[in-house]
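Working notes, structure below.
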Amino acid sequence: MWIAIVRDVSPAINRCELAYLDREEIDAARAVEQHRRYQDCLRDLGLRVIELPAEAAYPDAVFVEDPVVVVDEAAVMTRPGAESRRGEAASLARAIEPYRPLRWMREPATLDGGDVLWMGKTIFVGQSERTNAAGIAQLSIELEPFGYRVQPVPVHGCLHLKSGVCSLGEETVLINRAWVDAEPFRGMTVVDVPAAEPWAADVLTIGRTVIMPECFPQTRSIIEHLGWDVRPVDVSEFMKAEGAVTCLSVVFEI
Ligand code: CIR
């Protein structure tokens, strides 16, 4: 059985962190509705959704992907790069604890889950403004005993690694090379997002289905031609906060 942990939208979402976008008013009611439909999509695909209550003190807490890295053998609670997000981990850890042994990152490490792309026994980690060398080193120490190889990937011009590259199955990545160095993915099939849709690489695969923002029709067509079933969702309010579809859930198998 597959689980998706999500967290309701914070009433403070308009105070979210922003790195590369100018601040635009987020319609909180619309965000709640979009979040509900995103959850419906996950349920429709057969996942059990665990919905955590909103965190009024943490504007970005809806982006549950960032304070944790879950693999089959463990969950590593991260130390997020933005100080305003460091309190999000405690309640998330309580939700994950029944399913995975927990590990905790320590200062001076910083790492956001959005920088972590797990593909088989390789864990790609973005070298971003949120994830530092100590964060990558601590993740390696925690996960290499399980046989994983941690591969750093240079990221420039976007928030997280997965803003610019995500997997389509075990051997293919969807990438924006303007933001993410493609060299670490050599040997795989590398599919470029169209120049007109630079934000479109952030997609979430569940089995043979790809969940992606509905505003990227060219990328949708490319993914469908590769044989995937595509579920477009409207996440426009979360995109104003520099989020997309991967960051809104923590998905793992139990
Ligand atoms: C932040 O800057 O931390 C949030 N406003 C957006 C986080 C999005 N997370 C993700 O893509 N993994």
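General remarks:
- The convex hull around the C-alpha trace of the chain, projected and averaged over every direction, spans 11.9 square nanometres.
- Spatial extent of the range 21-66: Rg and Dmax, with the Cα atoms as the point set, Å: 12.4, 37
- For the chain, the carbon plus sulfur part of the accessible surface works out to 50%, probe radius 1.4 Å.
- 3J(HN,Hα) from dihedral phi, the range 19-27, Karplus parametrisation 6.51/-1.76/1.60, rounded to Hz, x for glycine, proline: 10, 10, 10, 6, 5, 10, 4, 9, 7
- With the convex hull drawn over the C-alpha atoms of the range 85-166, the volume per residue is 102 Å³.
- Estimated dipole of the range 163-233 in Debye, rounded to 20 [Cβ of Lys and Arg +1, of Asp and Glu -1, Cα centre]: 80
- With all protein chains kept in place, the per residue accessible area of the chain amounts to 42 square angstrom at a probe of 1.4 angstrom.
- The range 143-189: trypsin sites (Lys or Arg not before Pro) in DSSP coil with no more than 11 other Cβ atoms inside 10 Å: R186
- Shape of the range 202-254, Cα gyration tensor, a/c cut at 1.5: oblate
- Those GluC sites (Glu not before Pro) in the range 186-249 that DSSP places in a loop and that have at most 15 other beta carbons within 10 Å: E214
- Selection among I13, A89, V210 by position relative to the dipole of the chain gives A89 as farthest towards the positive end (Cβ unit charges, Cα centre).
- The range 1-142 shape via C-alpha gyration tensor axes, a/c threshold 1.5: oblate
- The base-10 log of I(q)/I(0) for the range 105-254, evaluated at q = 0.10, 0.13, 0.15, 0.21 Å⁻¹, reads -0.33, -0.56, -0.75, -1.43 [Debye formula, identical scatterers on Cα atoms, solvent excluded].
- Neighbour-limited loop hits for chymotrypsin sites (Phe, Trp or Tyr not before Pro), the range 16-90 (at most 11 other Cβ within 10 Å; DSSP other than H, G, I, E, B): Y20
The values are calculated or read from the model by the stated rules, or taken from the named source; none is laboratory data. No experiment lies behind these values; they were computed from the predicted model shown. Every residue, glycine as well, gets a Cβ built from its backbone with ideal geometry; the counts of neighbours run over all protein chains shown. Accessible surface areas use protein heavy atoms only, side chains included; no ligands, DNA or RNA. Shrake-Rupley method; radii C 1.70, N 1.55, O 1.52, S 1.80 Å.
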